[in-house]
1. If amide hydrogens are placed 1.01 Å from N in the peptide plane, which non-local residues have theirs closer than 5 Å to the one on Gly213?
2. Work out how much length Lys264 to Ala130 would gain on full extension: take 0.36 nm times their residue separation and subtract the Cα-Cα distance, in nm to one decimal.
3. Evaluate the distance, in nm, between pseudo-label points positioned 7 Å from the Cα of Tyr86 and of Ser234 along their respective Cα→Cβ axes.
4. Using the basic label-point model (7 angstrom from Cα toward the beta carbon), what is the Gln104 to Val159 distance in nanometres?
Amino acid sequence: MTCTVVGFLAMFIAAAGIALSGASAGLPLWSMLGQTNNGELAAASFTSGVWGYCTDLSFSNTGTKLNLNFSAPVPTNGHSQCFLYYSSNKNIRVMNNTIVLPEQGACTTFQQDGTSATRLMGTITGLDVATFDDFLTKTCGVKGKLSLAFAMLSPVFGVLGLLMLVLGVCCSKNRSCLVSFALFMNVLAGVWALVVCVVWSQQQPAGGALTFGISYYLGIAGLVCYFTASFFLSVHMTQGRSKEEKNKGKVPVKLQEALEKAKKTHAANNHPTRLV
């Protein structure tokens, strides 16, 4: 077992990456519209995440603490709620009772209607039909599925990498298979987080109607943590390689010294007897 400072640093940074990428995947704050900030309380008329979009969402952001409160101080349509892209929306409430949303995902509703103007526009305010259609077209297509899948995979791979990292740093040699596997998993977690950020930058409608939210920047911070942890882990492995090479170099020297000593002893014991 060879514990190093950089090994422990890699563990703590990888744990931070898991927390950041997990928060970014769970919070529906990748894109925002109509954000207002009043001290510790902020609100947005429309927010979207990798799994759904929300209306009239208020949240407090104090330091690193982020709390979601589904009751906006000044609601634009009377309530705050979230709509899932791919799962059923059983508990939705729409003020206009002429709009009937079935118990299905927003993407299924959008694909059935061919446009958001028929039913889904009744769930939001602030966005025009063209912008919302553009967003739903991308979100319900390949880009949306990629961002959702990789946003969930990133913290999962991060957790697996952290488990291997703890075992590798604390319970095995620097260059063990556990450490190598931990490095591989952390790199993959960082790559998945990078893919999500790149895909979402293309998924968000152009034109400036929507702006990047907190979750987007949490995702960037998470991928930085994963790659930083991978760097420290590679340094940990390099230190182990240097130590092994140093130990290997000591063996021939000690062996040579032992051989020289044996030769001298043998030579001293084999002096010819001098006859007088």
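1. Long-range HN contacts for Gly213: Ser31, Met32.
2. Details: separation 134, 0.36 × 134 = 48.24 nm, distance 9.40 nm.
Contour length minus the Cα-Cα distance gives 38.8 nm.
3. Between Tyr86 and Ser234, the simple spin-label model gives 3.3 nm.
4. About 3.2 nm separates the two model spin labels.
Taken together, the values in this text are just the output of simple stated rules run on the coordinates, not laboratory data. Not measured: the values here are computed from a predicted model. Every residue, glycine among them, receives a Cβ derived from its backbone with ideal geometry; neighbour counts consider all protein chains shown.
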